[in-house]
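Right, one structure below, let's go through it.
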Amino acid sequence: MISDISLTEAEQNEIAIIELCRNIHYNFLELGGLLLENYERGYWSANRHESFQEFIEMLGVSYSWATRMMGLSKIVATQLLTEGEVLEIGVAKACLLLPLVKRGKLDDDIKELAKNAPYHDLRKELGYKVKDELPEEYLLCPRCGADITFHKGMIRKR
């Protein structure tokens, strides 16, 4: 955290968040922690933002993404996952675990699944809707001779 006596805690927090947004792929857990602190302590209003969401949008990131980063930071802070585990699992897959954490359903088996399964398979195992449609038909391209796969849902009616 930046420490300058002339700045309030709220201003220091906002400056740190802006700096971390510049290197977001390296600092997502630290950024999530600062955003969580900003939200919980109301720094966004002390810095004259209309709402926390308006503050987030001013940063140039989506509100849903920011809340997921806050959730991941909270998971690490409560020691449900270590920072190393989150990095090993990856941000996208770790975010799939957030609803399980809220329901108290994150266990070692799910952690191992998240570490080892591809994103698509993890989504499917966690009960998300996943399209497993395989092509139903094949066409032969008259121009290049390549097989073109499609399924009936791709055909538009006029």
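Between a residue in region 61-86 that is without any contact (Cβ under 8 Å) to a residue 60 or more places away in the chain and over 15 Å from C21 (Cβ atoms) and any residue that is of a type in the set (D, E) and surrounded by fewer than 20 Cβ atoms within 10 Å (Cβ to Cβ), which pairs come within a Cβ distance under 8 Å, given they are 6 or more apart or on different chains?
V76/E83
Of all the residues that make up region 99-118, how many are closer than 11 Å to I75 by Cα and more than 18 Å from the chain's Cα centre (by Cα)?
The total comes to 0.
Select from region 1-28 the residues that are hydrophobic (A, V, I, L, M, F, W, C) and over 16 Å from S62 (Cα atoms) and write down the one among them that is modelled with the highest pLDDT.
A10
Identify all residues within region 72-104 that are closer than 21 Å to Y128 by Cβ, surrounded by fewer than 19 Cβ atoms within 10 Å (Cβ to Cβ) and either among the small types (G, A, S) or in contact with a strand residue (DSSP E or B) (Cβ under 6 Å, 6 or more places away or on another chain) (or both); write none if there are none.
If the condition is that a residue be closer than 21 Å to Y128 by Cβ, surrounded by fewer than 19 Cβ atoms within 10 Å (Cβ to Cβ) and either among the small types (G, A, S) or in contact with a strand residue (DSSP E or B) (Cβ under 6 Å, 6 or more places away or on another chain) (or both), then G90, A92, G104 are the ones that fit.
Looking at region 109-123 only, could you name the residues that are surrounded by 12 or more Cβ atoms within 10 Å (Cβ to Cβ) and either in contact with an Asp or Glu (Cβ under 6 Å, 6 or more places away or on another chain) or within 15 Å of L87 (Cα to Cα) (or both)?
K111, L113, A114, K115, A117, Y119
How about region 24-66: which of its residues are surrounded by 19 or more Cβ atoms within 10 Å (Cβ to Cβ), of a type outside the set (A, V, I, L, M) and closer than 21 Å to A94 by Cα?
Those that are surrounded by 19 or more Cβ atoms within 10 Å (Cβ to Cβ), of a type outside the set (A, V, I, L, M) and closer than 21 Å to A94 by Cα: F28, G32, G33.
So I5 fits all but one of (1) within 25 Å of E125 (Cβ to Cβ); (2) of a type outside the set (G, A, S); (3) out of contact with any helix residue (DSSP H, G or I) (no Cβ under 9 Å at 6 or more places or on another chain); what number is the exception?
Tallying (1) within 25 Å of E125 (Cβ to Cβ); (2) of a type outside the set (G, A, S); (3) out of contact with any helix residue (DSSP H, G or I) (no Cβ under 9 Å at 6 or more places or on another chain), I5 fails exactly one: (1).
The values are calculated or read from the model by the stated rules, or taken from the named source; none is laboratory data. In this text, all values refer to a predicted model and were calculated from it rather than measured experimentally. No Cβ is skipped: glycine too gets one built from the backbone with ideal geometry, and neighbour counts run over all protein chains shown.
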